[in-house]
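Below is one structure; the comments refer to it alone.
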Amino acid sequence: MLLGILMYLFFSTITTSAFQNMGEAMGNSVVRFWIVEHPTIMLVALVFAHIGVARARKMVNPNSKHRTTLIFQGISLALILYGTTLTWSLAERPLLPF
């Protein structure tokens, strides 16, 4: 997560150029994805994972613990996959820079 934040704020050419002109960036769907949607999806996934672990920790019944963990971690994984595989359909940016 720390690496993602560093890349988002300092090393990404897409985000650093978009921060210069946010109005224009919101008009472009690819740039808007990287500026707003991707970080939001990843943050929501992190929140779901944390809630699942916190709720499971308080439960006594092992079956309930595992079911709660499975549900929340599954939602978190689905969000992460959605937030990353959506980028494959965006033809303007390759998945890997090399």
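Tabulated values for the structure
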{"item": "Three principal axis lengths of region 17-56 [C-alpha, angstrom, descending]", "result": "44, 16, 11"}
{"item": "Cβ-derived FRET efficiency at R0 22 Å, THR13 paired with VAL44, nearest 0.05", "result": "0.30"}
{"item": "At q = 0.11 Å⁻¹, base-10 log of I(q)/I(0) for region 2-89 (Debye sum, equal scatterers on each alpha carbon)", "result": "-0.42"}
{"item": "Virtual spin-label span in nm between LEU6 and LEU77, 7 Å along Cα→Cβ", "result": "2.8 nm"}
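Laboratory data are not the source of any read-out in this text; all were calculated from the coordinates shown. Because the structure is predicted, anything quoted here is derived from the model rather than measured. Please note: Cβ atoms are built from the backbone with ideal geometry, for glycine as well, and neighbour counts cover all protein chains shown.
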